[in-house]
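Notes for the one structure printed next.
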Amino acid sequence: MHPLADANLTARALIILGLVLFGFYVAADRGALTLALTSDKSYISYLILAIYALASGHWLVLAHALNRERREFAALERHWGDAGAGEATEAVADGSLIGRFAANRKNAGIGDSAALLTAFADDLANRHALGHFVSDALLKLGLLGTVVGFILMLMPIGEIKEFDPSLMQRLLMEMSGGMAVALYTTLAGLVTSTLLKLQYHVLDASAAELATRLSVVAADHAP
């Protein structure tokens, strides 16, 4: 059996997500996560974590869908070898991308095969476009938190009208709060953006492998 049929992408995605959750658990257990959230007066870190959680759920759904496409391809490959290219359409589900490719290829000419393969690869890649956008948005939110933090840090400077040790101590405390917002939101944006990019890289690599293998098998079993 081809490796595509054996590799369970859903299981790999669950393992990756489990490792990420374990990392967050360790950070929370050491108090780092609580410190970062309570020190962020802008609440941008909360927004970043909420968006990352939703995006990870969406990523897991896409991983399961791509895993189903891989299994459909394995079934199509077996039936192409056993029954021939013209009779293999019934081996796959009509709602899958592989099923649509097989049905369109059955009715298309030889010259249209490359166009169908390109459309199939584009459909796979377009499923992941939202994830890449969210990953960039998380990084931008972290940078927004940096700007907000610096604004909060510099605002107390305008209150300095005379040298007063007690006033200076209070202003320094307010400035440190603004610096904490800048640092923790930047850290939250960098960490979540990097993790989400890594997660979608796994899907991109799997989709590219599937598209490449389909092009090879389709060429070997031309109608």
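The values are calculated or read from the model by the stated rules, or taken from the named source; none is laboratory data. Note that the structure is predicted; figures quoted are calculated from it, not measured. Don't worry about glycine lacking a Cβ; one is built from the backbone with ideal geometry, like all the others, and counts go over all protein chains shown. Heads up: the accessible areas ignore ligands, DNA and RNA and are worked out on the full protein's heavy atoms, side chains in. Shrake-Rupley method; radii C 1.70, N 1.55, O 1.52, S 1.80 Å.
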Here the net charge surrounding Leu203, from other residues whose Cβ is less than 12 Å away from its Cβ (Lys, Arg +1; Asp, Glu -1), is +1
Measure of exposure for Arg68: accessible area at 1.4 Å probe, Å² rounded to 10, is 120
Using only protein heavy atoms and a 1.4 Å probe, report how much of Leu143 is accessible, in Å² to the nearest 10.
-> 90
Once you list every other residue whose beta carbon is under 14 Å from the beta carbon of Trp59, what net charge do they have if Lys and Arg are +1 and Asp and Glu are -1?
-> +2
